[in-house]
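First up is the structure itself, then whatever we jot down about it.
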Amino acid sequence: MKIKLLFLTMSLCLGFASCTSDEQDLNTGAKDGAYLDIRVSVPSAGSVTKSSTNDDGTSTDGTQNATNAESKVSTLVVTAVGEDGRIKGVYDIAVLNIVAGGNQVTYETGSFQAEGLAVGDTYKIYVFANTTVANLSLVVGDLFDLNKAYAATDLAGALAYISTDNKFLMTNAEPVVDQLIPTTAADKGTPLAISIKVERTAARFDYKKAAAATSVAPGTSSAMGNDKYLLDGTVADGVAVQLTGYALMNVSKSFYYYKRVSADGTNTAATVGGSETSTNYVVSTNYAYKTNVPANIAAVNNYFFRVIGVPATGVAYQVMGGAADYERLTYCTENTIPGIDNQLNAFTTAVVFKGELSFIGTTAPATGAKIYIYNNKYYKNWASLYSYLSAYSDLSATEDNNDVATLQNRGIKRYTPDSEGKYFAYYVYWNRHNDNGKNTEMGPMEFAVVRNNLYKLMINSIAKFGHPTDPVNPPVTPTDPDPDPLDPTDPDESKDVYMNVKVEVLPWVLRINSIDL
């Protein structure tokens, strides 16, 4: 087997003109230097988590098989770091062999000579799967930078980098230990076999449609089948919402290449490659920003599609799947929050569901008419609602004389049809990672997105009419009132539940979330 070695000298600076490198054919004969055989193991069945994490870092729901495309390793960047923290060698390995199967797939490089590593010395070995040295910038001078983070400029590019089929970006999944190169002359040409577990840097969302309920009373079990839920009235004469699409909101633009955990979610005493437990935190690159809501929150740009009232442009909702069983929605970058009280709408990744309202029996409004919701009850026109609320002196019998702020203050929602005469409502699900089982009290890491976790979502019921304004593509000036608008300072745990979501979290890891909207 022919393996190409990329060795960078002690003046290593990865990507700058002053760096030099030379490729060697390892089949041309023995040369000085240690011999390595790197073996990386990828779980083909992720660990399944309910939406809670055991103290040993596993989840309580089991595992879910990953696809071959999510598990394949085709290239490795192997980085050897000395006891002084300096990089002694970086190696691009482009040929890997599968050597085992079962619940995990193991790939090995085969024997290669790692120039720059001395027999008898000790090194830490870090790996990056499915990328190259050219795509990484990991050093300051010749020091290995464990704080290096990936930063994206657009969501599509970020997802392509971390979750392209057969090229998922993976890194060490456990704390890196010292590796002693054999010291005897007899061992000099014998490769040191180093086994490393890796994990995907991407998280994944799956979705399953709820089965039709035997009873569809609003606020209890409203599933009518085919992602349709009764909101008001009866199945013979009422109003329903059918979920048609989804979009992600508050998607983190950056993450550490190597997962790290700490007691408080900051970098203080963080363990690189450590396991998440029921009481610690996975550290975010933006942990300092997330410790409070700064006054200039609208100017901070750590997320794609932020929930801070800043209009986005052209975010397309993806069509919901049609399967009766779980199927993949999308992948996502890691996004975690330090501390319990900092789990706020400003920081938490959400899945936004788009639903189309439908009218059954006598409930259909006139063509092009605006419709109104008050106390979660439907009114097909302003006249019918005004007759009920006419005692309020600040309301006008003339529909257009009522401004948005007045209607909002009175708790009135209004939906305006689009150019095709359709009415849409929006539901926001703040992603639950580590469910403490208390619906009004948040726990550590309860709301987050963590790498190598699979979040399985199924909406059991929808209890309320959703937001009338698209939160992912908000207008500069809202034209329809929303008495319950998204507020970046609101805590993620709320008594005002729109939908009931069943969530499973599996460490693919799998996490399943059951949602009440």
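Only residues that are closer than 12 Å to Val239 by Cβ and among the charged types (D, E, K, R) were counted across the range 368-391, and they come to 2. Inside the range 276-294, residues that are crowded, with 19+ Cβ neighbours inside 10 Å and part of a loop (DSSP other than H, G, I, E, B) make up a count of 7. Of all residues in the range 379-395, those being surrounded by 15 or more Cβ atoms within 10 Å (Cβ to Cβ) and hydroxyl-bearing (Ser, Thr, Tyr) number 2.
Any idea which of Tyr258, Tyr229, Tyr246 is assigned to a loop (DSSP other than H, G, I, E, B) and aromatic (Phe, Trp, Tyr)? Result of the check over Tyr258, Tyr229, Tyr246: Tyr258. Those residues that are surrounded by fewer than 23 Cβ atoms within 10 Å (Cβ to Cβ) and touching a strand residue (DSSP E or B) at 6+ places or on another chain (Cβ under 8 Å), I need them from the range 228-245; list them, please. Those that are surrounded by fewer than 23 Cβ atoms within 10 Å (Cβ to Cβ) and touching a strand residue (DSSP E or B) at 6+ places or on another chain (Cβ under 8 Å): Lys228, Asp232, Gly233, Val235, Gly238, Gln242, Thr244, Gly245.
Pairs linking a residue in the range 197-218 that is part of a strand (DSSP E or B) to a residue that is among the aromatic types (Phe, Trp, Tyr), with Cβ atoms under 6 Å and 6 or more positions apart or on different chains, are Arg200/Phe168; Arg204/Tyr331; Phe205/Tyr455; Asp206/Tyr326; Lys208/Tyr326. Cβ-Cβ distances below 8 Å connect the following pairs, each with a first residue in the range 257-274 that is surrounded by fewer than 18 Cβ atoms within 10 Å (Cβ to Cβ), a second residue that is among the aromatic types (Phe, Trp, Tyr) and assigned to a strand (DSSP E or B), and a separation of six or more residues or different chains: Ala263/Tyr281; Asp264/Tyr281. In the set Thr122, Thr164, only one residue is hydroxyl-bearing (Ser, Thr, Tyr), within 30 Å of Asp227 (Cα to Cα) and surrounded by fewer than 18 Cβ atoms within 10 Å (Cβ to Cβ); that residue is Thr164. Residues that are surrounded by fewer than 18 Cβ atoms within 10 Å (Cβ to Cβ) and of a type in the set (S, T, N, Q) within the range 318-356 comprise just one, Gln318. Quick one: is Val319 in contact (Cβ under 8 Å) with a residue 60 or more places away in the chain, over 17 Å from the mean Cα position of the chain (by Cα), farther than 30 Å from Ala288 by Cα and not assigned by TED's automatic domain parsing to the domain that holds Leu231? So Val319 does not fit the description; no.
Within the range 155-167, residues that are touching a residue at least 40 places away in the same chain (Cβ under 8 Å) have Cβ atoms under 7 Å from residues that are surrounded by 13 or more Cβ atoms within 10 Å (Cβ to Cβ) and of a type in the set (D, E, K, R) in these pairs: Asn166/Lys72, counting only partners at least 6 apart in sequence or on another chain. Within the range 400-410, identify whether any single residue is more than 21 Å from Asn453 (Cβ to Cβ), touching a residue at least 40 places away in the same chain (Cβ under 8 Å) and surrounded by 19 or more Cβ atoms within 10 Å (Cβ to Cβ), and answer yes or no. Yes, the conditions are met somewhere in the range 400-410. Taking first residues from the range 486-503 that are assigned by TED's automatic domain parsing to the domain that holds Gln343 and in contact (Cβ under 8 Å) with a residue 60 or more places away in the chain and partners that are part of a loop (DSSP other than H, G, I, E, B) and among the hydroxyl-bearing types (Ser, Thr, Tyr), the Cβ contacts under 8 Å between residues at least 6 apart in sequence or on separate chains come to Asp492/Thr348; Glu493/Thr440; Val503/Ser51. Of the numbered conditions (1) assigned by TED's automatic domain parsing to the domain that holds Val119; (2) within 21 Å of the chain's Cα centre (by Cα), Val177 fails exactly one; give the number of that condition. So Val177 meets the others, but not (2).
Scanning the range 473-484 for residues that are surrounded by 13 or more Cβ atoms within 10 Å (Cβ to Cβ) and free of Cβ contacts under 8 Å to residues at least 40 places away in the same chain yields a single hit, Asp484. Within the span defined as the range 56-70, one or more residues are at pLDDT 85 or above, closer than 27 Å to Leu506 by Cβ and not in a strand (DSSP E or B).
If you check Asp237 against the conditions, is it charged (D, E, K, R), touching a Leu at 6+ places or on another chain (Cβ under 7 Å), at pLDDT 90 or above and under 30 Å from Pro365 (Cβ atoms)? So Asp237 fails the test.
The values are calculated or read from the model by the stated rules, or taken from the named source; none is laboratory data. Quick caveat, the model's predicted, so the values are computed rather than measured. Methodologically, a virtual Cβ is constructed for each residue, glycine included, from the backbone with ideal geometry; neighbour enumeration extends over all protein chains shown.
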